[in-house]
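All remarks here apply to the structure that follows.
What follows draws every value from the coordinates through simple rules; no lab data is involved. Everything numeric in this text was worked out from a predicted model, so none of it was measured. Note: ideal-geometry Cβ built from the backbone for every residue, glycine included; neighbour counts use all protein chains shown.
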Amino acid sequence: MKQILIVEDEFIIAMLIEKQIRKLGYMLAGKVTSGEAAIEVVKSGNVDLILMDIKINGDIDGIETMQQIGTFAKIPVIYITGNSDPNTRLRAMSTNPAGYIVKPIETETLRIHIEEALN
């Protein structure tokens, strides 16, 4: 079963995303609030996909986190963000994401993006 890492610093949103991915039949690889923690989970665990908020806790944002992860692992990322400004989106696209979803997240939209990312 595919394992998904959630990187989200807002507790309620992280819980809602977790509920959605479990409903869709996926396992949770972890739930963290910072880029540094995400890097550690990826290094130590079995992660098939990352659902990444862009503005997160810690010294690096979600885009920088994926740039660092990309130096040692090839894991697809779907950005989930409240930020839809063109500059942020352009920065995110530099990491070749499997998707970019603007909050709020609909389960069907998430399902489609996850299926595309994992296939």
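The table that follows gives values for the structure above.
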read-out	value
For residue 28, distant residues with modelled amide H under 5 Å away	4
For q = 0.17 Å⁻¹, Debye-computed log10 I/I(0) when each Cα of the chain counts as one equal scatterer	-0.74
Per DSSP, loop chymotrypsin sites (Phe, Trp or Tyr not before Pro) in the range 1-99 with at most 10 further Cβ within 10 Å	72
Unit charges on C-beta of K, R, D, E only; dipole of the chain, Debye	300 debye
Kyte-Doolittle at least 0.0, axis length at least 15 Å by Cα - qualifying DSSP helices, the chain	11-23
Stretch gain in nm, segment residue 89-residue 36, where the contour uses 0.36 nm per residue and the Cα spacing is subtracted	16.9 nm
FRET efficiency estimate (nearest 0.05) - Cβ-Cβ, residue 64 to residue 22, R0 30 angstrom	0.60
